[in-house]
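Presented below is the structure to which this report refers.
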Amino acid sequence: MIKQHYQSIIVQTICSLLIPFIQLFALYVIFHGHYGPGGGFQGGVLLAVSIILQRLYLGTKIAHPKFPPKLTMAFAAVGLLIYGLAGIIPMAYGASFLDYGSLPLFWVHDAELRALGILIVEIGIGLGVFGTLVLIFDNLVGERW
Amino acid sequence: MVAIDLFLSRYVYLMIVILLAIGLYGMLGKRNLLKKLIGMNIFQTAIFLFFIEGATKAGGTVPVIDESLGMEAAKYINPLPHVLILTGIVVGLSLTGVALAFLLRIYRAYKTLDDRDIMANMKESSE
Amino acid sequence: MRWLNALIMLLFVALMLYATVGLPDHADPQAPANVHVSPTYIEDTIEDTHTPNVVTSVLADYRGYDTLGETIVIFTAGLACVLILMKRKGNDKATLSKHHRSDYM
């Protein structure tokens, strides 16, 4: 196909087959963190690994339009913002910082609201770790943007 | 027999101390900055291992509450070190990233990663 | 120099092994770390947070402040990576080794 590809049909096929499954598993790890081993950190690292694998086997010319490097910083910042908001919004409702029991989601109650708050926070951590790791990778391999 | 018992109850600490020594040797004895970084990572891993080893309990399973097991604390291993090390691993990873960025920068400036050459270069250019 | 390194390592190993004498045995359920605060986490997690995975509930709820700090550290590390490797004007190799080194060393 295009010259930037990794020049091996085996590597290309296996990587393109593997990446959707890695991403699916990453989402599973994030959202199943309440009931089994997993959580935001692990799922975020898995998501970042899928993007890094794509960059490795496609080369930057093709892989960068698929996931623009400019987005990584935005992902990291949005993840941190989600976490920060989950901490600050309860303060507006009279509770202390990071007290998920007072999040303004009125259709769930005490302990379940805390579980939902944990899920929100885990999604924030996952996005933050994902964005940061891809950002570090992009900078270390020297791609300017 | 006492020695064997002592060894069996302490062998993990022995392994951890060996890993710590390897990491310290990498940080102090090696001249290449990249090897120093690898030594720091080994040192870090030894500390992670030490915390995880401190979390184990005889007769405990993973700290995911199972209805059929009940809620007694003795049935589950200590979750706190796992939490600390989970965050510690990710922070260590980002620390490695920053350190690699510094190494790239140093290599671009001095064309070497050997600390003696870098020191000589710095002294030369400051005179 | 090599002998000095070996001596330092041997001293370090001896010191650390001496320090492990005071540590609890392998997998001791009565170790101080296992009886202090973690039983509360394990026993209260279902009631407080409906989260069977104790690691998750401690990570994001009981010690959420800690994890917020860790996330900030990670984000700052990413920013530091960008800033360290960023190309600025008058910052390339030639000027680096001559004039402006003290600006950022």
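Filter the stretch A:27-38 for residues that are open to solvent by 100 Å² or more (accessible area, probe 1.4 Å) and assigned to a helix (DSSP H, G or I); which is farthest from A:Leu119 (Cα to Cα)?
A:Tyr28
For the stretch B:66-75, check the following and say yes or no: at least one residue is facing another protein chain (nearest Cβ under 8 Å) and at pLDDT 90 or above. No; the residues of the stretch B:66-75 include none that is facing another protein chain (nearest Cβ under 8 Å) and at pLDDT 90 or above.
List the number of the failed condition for A:Ala74; all other conditions in (1) at pLDDT 90 or above; (2) over 17 Å from the mean Cα position of the chain (by Cα); (3) surrounded by fewer than 16 Cβ atoms within 10 Å (Cβ to Cβ) hold. Here A:Ala74 clears every test but (2). Here the condition is being facing chain C (nearest Cβ under 9 Å) and surrounded by 14 or more Cβ atoms within 10 Å (Cβ to Cβ); of A:Gly126, A:Gly131, it holds for A:Gly131 alone. On the basis of being touching a residue at least 40 places away in the same chain (Cβ under 8 Å), within 8 Å of another protein chain (Cβ to nearest Cβ), closer than 23 Å to A:Asp138 by Cα and open to solvent by 30 Å² or more (accessible area, probe 1.4 Å), does B:Leu34 make the cut? No: the conditions fail for B:Leu34.
Can you pull out the residues in the stretch C:42-59 that are of a type outside the set (A, V, I, L, M, F, W, C), surrounded by 24 or more Cβ atoms within 10 Å (Cβ to Cβ) and either within 20 Å of B:Lys57 (Cβ to Cβ) or at the interface with chain B (Cβ under 7 Å from one of its Cβ atoms) (or both)? Listed by number, the residues that qualify are C:Thr45, C:Asn53, C:Thr56, C:Ser57. Kindly indicate which of B:Leu100, B:Leu113, B:Leu104 is in contact (Cβ under 8 Å) with a residue 12 or more places away in the chain, open to solvent by 30 Å² or more (accessible area, probe 1.4 Å), within 10 Å of another protein chain (Cβ to nearest Cβ) and closer than 30 Å to B:Gly29 by Cα. Result: B:Leu100 is the single residue among B:Leu100, B:Leu113, B:Leu104 that is in contact (Cβ under 8 Å) with a residue 12 or more places away in the chain, open to solvent by 30 Å² or more (accessible area, probe 1.4 Å), within 10 Å of another protein chain (Cβ to nearest Cβ) and closer than 30 Å to B:Gly29 by Cα. Count of the stretch A:29-48 residues, restricted to those that are in contact (Cβ under 8 Å) with a residue 12 or more places away in the chain and either more than 9 Å from every other protein chain (Cβ to nearest Cβ) or at positive phi (or both), is 8.
Against the test of being within 7 Å of chain C (Cβ to nearest Cβ), closer than 30 Å to A:Asn139 by Cα and open to solvent by 60 Å² or more (accessible area, probe 1.4 Å), the options B:Leu95, B:Leu86 yield a single qualifying residue, B:Leu95. Being within 22 Å of the chain's Cα centre (by Cα) and of a type in the set (Gly, Ala, Ser) is a description that does not apply to B:Gly59.
Please verify whether the stretch C:60-68 includes one or more residues that are in contact with a strand residue (DSSP E or B) (Cβ under 9 Å, 6 or more places away or on another chain), buried (at least 22 other Cβ atoms within 10 Å of the Cβ) and either at pLDDT 90 or above or of a type in the set (A, V, I, L, M, F, W, C) (or both). Looking for residues that are in contact with a strand residue (DSSP E or B) (Cβ under 9 Å, 6 or more places away or on another chain), buried (at least 22 other Cβ atoms within 10 Å of the Cβ) and either at pLDDT 90 or above or of a type in the set (A, V, I, L, M, F, W, C) (or both), one finds none in the stretch C:60-68, hence no. Being exposed (fewer than 14 other Cβ atoms within 10 Å of the Cβ) and either within 30 Å of B:Lys30 (Cβ to Cβ) or modelled with pLDDT of 90 or more (or both) is the filter here, so list the residues in the stretch C:18-34 that pass it. Passing the criteria: C:Tyr18, C:Ala19. Residue pairs whose Cβ atoms lie under 8 Å apart, sitting 6 or more positions apart in sequence or on different chains, and linking a residue in the stretch A:111-123 that is more than 7 Å from chain C (Cβ to nearest Cβ) and touching a residue at least 40 places away in the same chain (Cβ under 8 Å) to a partner that is assigned to a helix (DSSP H, G or I) and open to solvent by 40 Å² or more (accessible area, probe 1.4 Å), are A:Leu119/A:Phe31; A:Ile123/A:Ile82. Taking the stretch A:90-142 as the range and being among the charged types (D, E, K, R) and either part of a helix (DSSP H, G or I) or closer than 17 Å to A:Ala74 by Cα (or both) as the test, the residues that pass are A:Asp110, A:Glu112, A:Arg114, A:Glu122, A:Asp138. Screening the candidates A:Leu24, A:Leu18, A:Leu56 for the property of being farther than 18 Å from C:Thr71 by Cα, open to solvent by 30 Å² or more (accessible area, probe 1.4 Å) and out of contact with any helix residue (DSSP H, G or I) (no Cβ under 9 Å at 6 or more places or on another chain) yields one hit, A:Leu24.
The values are calculated or read from the model by the stated rules, or taken from the named source; none is laboratory data. Just so it is clear, the model here is predicted, and its values are computed rather than measured. FYI the Cβ positions are ideal-geometry reconstructions off the backbone, even for glycines, and counts take in every protein chain you see. To get the accessible areas, we keep the full protein, side chains included, count just its heavy atoms, and leave off ligands, DNA and RNA. Shrake-Rupley method; radii C 1.70, N 1.55, O 1.52, S 1.80 Å.
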